[in-house]
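Peer 1: Have a look at the structure that comes next, please.
The values are calculated or read from the model by the stated rules, or taken from the named source; none is laboratory data. Keep in mind the model is a prediction, meaning the values are calculated, not measured. Cβ placement follows ideal geometry from the backbone for every residue including glycine, while neighbour counts extend to all protein chains displayed. Surface areas here come from the heavy atoms of the whole protein model, side chains and all, with no ligands, DNA or RNA. Shrake-Rupley method; radii C 1.70, N 1.55, O 1.52, S 1.80 Å.
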Amino acid sequence: MKILTFDIEEWFHLLDHPDTRSAHQWEKFESRFERNLERVLSLVKASDCSATFFCLGWIAEKYPDLIKEIVYSGYEIACHSHRHQLAYQQAPEDFRRDFCEAREAIFKACGIIVDTYRLPGFSLTADSIWALDILGEEGVE
């Protein structure tokens, strides 16, 4: 069986770049999400693969109909944070708030309570291992 995963974010959700660090800055960039997601969904459907889409809460807020389309197409929706920040650069309470905000945005978009999570930028380090405890407390498997 073929299984694919995708991070559902915009091209400008770069990590560790001063011009793209905040959601306020993102508003000045051209979105490419819609056309790229449509292409990905078409390719995945044609390949008859299972897929999990790790979605930013920010994306779910801006494009709820596209998040619904992922779910209605039979694919799993999961969480990739709300604002795509590195865990080791956040305080634990900020990390929890970001996760909860993302989970709520995804739920509002498609009615799914996510229980799967992917950290942005592989940001689980010895200094951010606390993130696993928070995710477990919040029901992430």
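Peer 1: Between E34 and K108, what FRET efficiency comes out of the Förster formula 1/(1 + (r/R0)^6) with R0 = 22 Å and r the beta carbon distance, rounded to 0.05?
Peer 2: For K108 and E34, the calculated efficiency is 0.70.
Peer 1: Students often check this: by mean Cβ neighbours within 10 Å, which of 106-114, 76-84 ranks highest, and how do the rest follow?
Peer 2: Descending mean neighbour count gives 76-84, 106-114.
Peer 1: Further question on the same structure: Please give the FRET efficiency for C49 paired with W130, using the beta carbon to beta carbon distance and R0 = 30 Å, rounded to the nearest 0.05.
Peer 2: 0.30
Peer 1: Here's another thing I want to ask about it. What are the semi-axes of the equivalent ellipsoid for segment 22-141, taken as the square roots of 5 times the Cα gyration tensor eigenvalues, largest first, in whole Å?
Peer 2: Output for segment 22-141: semi-axes of 25, 17, 13 Å.
Peer 1: Right, another one. Using a 1.4 Å probe, how large is the accessible area of E104, given in Å² and rounded to the nearest 10?
Peer 2: 90 Å²
Peer 1: Just need the Rg to Rh number for segment 73-141, please, alpha carbons only, Kirkwood Rh.
Peer 2: Dividing the radius of gyration by the Kirkwood radius yields 0.96.
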